Amino acid sequence: TLGTQTDYRDGEAQTDPYSPEYVVPRGSVPELLTLATLTWGQGLPAGLAEVEMIERAREKRAWEATLPAMDNASQIAKRRKMMDDMERKEWAFREQEIEKLQEVRLEVLKKLLRRREENQNELDAKRLDDHWQNHQKAKEEKIKKIQHDCALMLRKLIAKRKNVMGKLERRDIIKEYTDFASQTYAPLSRIGYFPDNHSERYVVKNFYLNTFAGLCELEASLPDSVTQVKIKAPKPKYTTTKTGFIKRSARLEVELAQVHKVLLEQKNKVKEPKKPLRFLERVEKPVPRPPTPILEKPSIEEEETELAVICLQKLLRGRAIQNTMFEGKEKRLELIQELRTTHALQEDGQLLLKAEEQMTLVLQQQHDLQMHKLSSVENHLAREEGRVLANIFDFLSKELVRLQEERKIHAFVMLAERQRRMREAEESGRRQVEERRRQEEDEIFRQAREGDCTIESYLEDIILSSMENTAEEQAREEIQRMAVEINDIAYEMESRRNRLQSEEIVAELVYDFLIPEAEKMSIREKVRQSQRKHIYAAHQIIHRGIE
């Protein structure tokens, strides 16, 4: 019957179920405490896997209760056998769980691979579409360019054909102004005239419409009836006259409203479903169709007569057309002869033009052939030069890399040699100290054993040995300090060294490595040449003896 309003958000409130405190009586182990590891979200609420786990735990507890006691050897053997069987069952169950887990992982992996393959296929399809669209765009642009070039060349050919003889024609201003399709009325933009330029000159500019002051002045000049609109409420219509009769317009409105209502009812009326027939209906037979008319086949003699008449008509018409053409030719015989003479003259000029055109084509082909030969020769020369330069650069780069590697190897060798010497010096010093200490201990033991030494001699020996040790340590520290200084100086010289000095060092190293080897090879070749003479003489002697 009461309600409260909390001051906390739902996210700050407790969402896990509450587990109260409990007390376990002595000597009892409730089954519920075996499930204490299950918490909300991790096993709770329980599913099929949790129920199976609980059942297995119950079976294992029942099995443990049936185990025999460890009283005698037979019970121990039976207990061991039962435990081995249970262990095998548990291992088999564990293997089944592992197989199930592997199957689940395999399914997940298959889904991921399938999804990756689908994504890759989508990406490939998208790339192919983009590639195809790019090719289509390039093709359309190329086609557009070809069409543009074709139109340009056609215009040029038309312009050349208009003036084949190359005569200069004066401008006919009267003809241009009489032709409304000429350049005077419709100039072309490719010639250099653009009608859209300076189009702002024809824009109407009004002070009262383009500026705020003009708008204010225009508004002030308008009457108040334009800016301040007065709205009058409509008066109600009276449907009756002063004498009490209904007006004709009112009656018409009522009738129209009734007609409109009836039309809407007819329009929105739902059709009633057809009721099933209670009795059989009579199916009327359709009216029979009239018989198809049949034409009588004409006889063969009539067909031959008709074909002969048609052929005679064609001959008569063709003869009449030939007669009309002959009469026209006879009437205009002089004009035909005049046209033949002019055409013969034009044929001579055309033959000359064709000969000149053939000569120009032959010269152009020869020029193109020579240019092609020159370009092929230049291409071969350029290819050979490029190959030679590439080989030279490759050899130089490899030599540079080899010299750099030799420098690195020499530096590594020097560092290793210095480190080896330092380690040998340290080891020899350590060995000398150990030998000296061993000799001192032996001497002390011998003197103490013999008993012929005094405390003073013993102290003197100790003081002398300590002095020698301190002197040796000071000398070693001084040597190490000098070695560090020498290393710093060497590193500083290495950092300040320029390229020429590096090249000199490399040249000396190469000289020290290569020249002795070359001398060895030359000496070996001289020895081989000297031995070859004796071998040749021995061969000749042997062959003579054999012959």
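For the reader, a short list of remarks on this structure follows.
- Scanning the range 89-106 for residues that are over 30 Å from Glu59 (Cα atoms) and modelled with pLDDT under 95 turns up at least one hit.
- Yes/no for Ser530 being assigned to a helix (DSSP H, G or I) and at pLDDT 75 or above: yes
- Among residues of the range 199-236, those that are surrounded by fewer than 10 Cβ atoms within 10 Å (Cβ to Cβ) and over 58 Å from the mean Cα position of the chain (by Cα), counted: 18
- In the range 1-28, residue most open to solvent (accessible area, probe 1.4 Å) [restricted to those that are modelled with pLDDT under 75 and either under 30 Å from Phe93 (Cβ atoms) or of a type in the set (A, V, I, L, M) (or both)]: Leu2
- Residue, modelled with the highest pLDDT, within the range 512-527, restricted to residues that are of a type in the set (Asp, Glu) and over 60 Å from the mean Cα position of the chain (by Cα): Glu525
- Pairs, first surrounded by 10 or more Cβ atoms within 10 Å (Cβ to Cβ) in the range 29-51, second of a type in the set (Gly, Ala, Ser), C-beta under 6 Å, six or more apart: Glu50/Gly43
- Test for Ala355: is it out of contact with any Cys (no Cβ under 6 Å at 6 or more places or on another chain), open to solvent by less than 90 Å² (accessible area, probe 1.4 Å), hydrophobic (A, V, I, L, M, F, W, C) and at pLDDT 80 or above: yes
- Among the residues of the range 497-511, those that are exposed (fewer than 10 other Cβ atoms within 10 Å of the Cβ) and either at pLDDT 75 or above or in a helix (DSSP H, G or I) (or both) comprise Arg499, Leu500.
- Near pairs, Cβ below 7 angstrom, 6+ apart or cross-chain, from the range 485-496 (within 18 Å of Lys408 (Cα to Cα) and open to solvent by 100 Å² or more (accessible area, probe 1.4 Å)) to any residue that is hydroxyl-bearing (Ser, Thr, Tyr) and part of a helix (DSSP H, G or I): none
- Residue in the range 97-119 that is under 45 Å from the mean Cα position of the chain (by Cα) and polar (S, T, N, Q) present: yes
- In the range 358-393, the residues that are open to solvent by less than 90 Å² (accessible area, probe 1.4 Å) and either more than 48 Å from the chain's Cα centre (by Cα) or hydroxyl-bearing (Ser, Thr, Tyr) (or both): Thr360, Leu361, Val362, Ser375, Ser376
The values are calculated or read from the model by the stated rules, or taken from the named source; none is laboratory data. Bear in mind the structure is a predicted one, so any value in this text is a computation, not a measurement. Neighbour counts are summed over all protein chains in view; Cβ atoms, including those assigned to glycine, are modelled from backbone coordinates with ideal geometry. Each accessible area value is taken on the protein alone, full model and side chains, heavy atoms only, with ligands, DNA and RNA left out. Shrake-Rupley method; radii C 1.70, N 1.55, O 1.52, S 1.80 Å.
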